[in-house]
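Report on the structure given below.
What follows draws every value from the coordinates through simple rules; no lab data is involved. Note that this is a predicted model, so its numbers are computed, not measured. Please note: Cβ atoms are built from the backbone with ideal geometry, for glycine as well, and neighbour counts cover all protein chains shown.
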Amino acid sequence: MADGCQPTIPQFSGRLGLYIEGSVSPPISGVDIRLVALGDSGTAPLQKGEVVLETTTGPDGLFIGGPLYDDANYTIEASKV
């Protein structure tokens, strides 16, 4: 710029991401976990029914997923083939 200043920076806001953790019982490794949005997000392009994360359980049956949008609810689906 001619005056030596940086251009104006667009306004933004940072938010903490949501993490969901859980376990299967009995503890089994390799269980497929899917997190599915129960509704639309008001701040992000997330729609109801969208699979937002896929992971598997560890040897202790535990899983963790994220970061996720904090303004939506999720359901957890577990399956073992």
Where a label projected 7 Å from the Cα of Ala44 along Cα→Cβ would reach, residues of segment 56-81 with amide N under 15 Å: 65-75
Inter-part distance where segment 43-81 and segment 23-39 are each reduced to a Cα centre, Å: 8 Å
Dipole in debye (nearest 20) - segment 18-79, about Cα centre, beta carbon charges: Lys, Arg +1; Asp, Glu -1: 80 debye
Label selected from (i) 7.0; (ii) 7.9; (iii) 6.3, the criterion being mean projected area of the Cα convex hull in nm² as computed here: (ii)
